[in-house]
Amino acid sequence: MDTGTVTSATTAATATTSTSASTSTPVVSSDFETFLKMLTAQMQNQDPLDPLDSADYATQLATFSSVEQQVLTNDLLSDLTAALTGGTFKELGSWINREVLSEAPVYFNGDAIILRPDYASGATSAKLVVRDESGATVETLALDQSDPLVGWQGTGSDGNQVPSGIYSFAIQSYTDGVLKSESPAQVYNPVIEVRQVGALVKLTLSDGSEVNADDITAIR
């Protein structure tokens, strides 16, 4: 090999190194084209009296293909890890301890529970019915339909505070004193756990029930 060839090879190697350093992601397709050119040159310049066995070429090609697949796999894993640790987990973590609007029961621990009642059309009066985990009614409150939010302070029908536990809420709508309908109340419920199941984000609420994040209509 003459000096000019060495200089050209050195220049090409420098350019390749510079290009590789300027990008954080390996350009596998470009490397594969370079490998094919080198393999072709090797075949053209081999000793005709002592040619390489075709199995050697197959081995070289298989080896490069394996390396290529490993590089792609590593890149995919790196992107996945970055997404989970850098973005997705942080976004999921932002749900924890937030209160979301749901019809699920709520764990009462002494703090007031906030509800957003929804009344039947044409209702002239309404009541909030609070039940414990066994289904027994612990309190019934008359509601003012002009109030968009209602707070339950955790008292029973005797005026004493109820023990900590899971309570459910229902809205009874009346027309001229006659019960028209009863439906679960929408309650602001704390999120205690978040899971990602495929494309869905699952929120575990204070009572242990689970809802899809897509079904949430309000958050506090």
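The values are calculated or read from the model by the stated rules, or taken from the named source; none is laboratory data. Remember, it's a predicted structure, so these values are computed and weren't measured experimentally. All Cβ positions, even for glycine, are placed from backbone atoms using ideal geometry, and neighbour counts span all protein chains on display. All accessible areas refer to the heavy atoms of the entire protein, side chains included, with ligands and DNA or RNA removed. Shrake-Rupley method; radii C 1.70, N 1.55, O 1.52, S 1.80 Å.
Brief remarks on what is shown
- The relative contact order of the stretch 81-196 comes to 40 percent, based on Cα pairs under 8 Å that sit 6 or more residues apart.
- Neighbourhood net charge (15 Å Cβ-Cβ; Lys/Arg +1, Asp/Glu -1) for LEU143: -2
- Within the straight-line cut-off of under 18 Å between alpha carbons, the lysines reachable from LYS180 are LYS127, sequence neighbours fewer than 8 places apart in one chain being disregarded.
- Charge tally around GLN153: other residues with Cβ under 11 Å, Lys/Arg +1 each, Asp/Glu -1 each, net -2.
- Rounded FRET efficiency, nearest 0.05, which uses the C-beta distance separating ASN212 from ASP144 and R0 of 30 Å: 0.40
- Convex hull projection area averaged over all views, the stretch 126-220, Cα basis, nm²: 7.7 nm²
- The stretch 87-193 - accessible surface per residue (Å², probe 1.4 Å): 53 Å²
- Those chymotrypsin sites (Phe, Trp or Tyr not before Pro) in the stretch 93-193 that DSSP places in a loop and that have at most 13 other beta carbons within 10 Å: none
- When all protein chains stay in place and ligands, DNA and RNA are ignored, the 1.4 Å accessible-area order of LYS127, LYS90, LYS202, largest first, is LYS90, LYS127, LYS202.
- Normalised per residue, the volume of the convex hull around the Cα set of the stretch 135-179 (Å³): 107 Å³
- Net charge dipole size for the stretch 113-172 [Lys, Arg +1 and Asp, Glu -1 on Cβ; Debye, nearest 20]: 100 debye
- Under 22 Å of direct C-alpha separation, and excluding same-chain neighbours fewer than eight residues apart, LYS90 reaches these lysines: LYS202.
- Projected label points at ASN45 and SER121, each 7 Å from Cα along the beta carbon direction, are separated by 8.5 nanometres.
- Summing charges over all other residues whose Cβ lies under 10 Å from the Cβ of SER173, with Lys and Arg as +1 and Asp and Glu as -1, gives 0.
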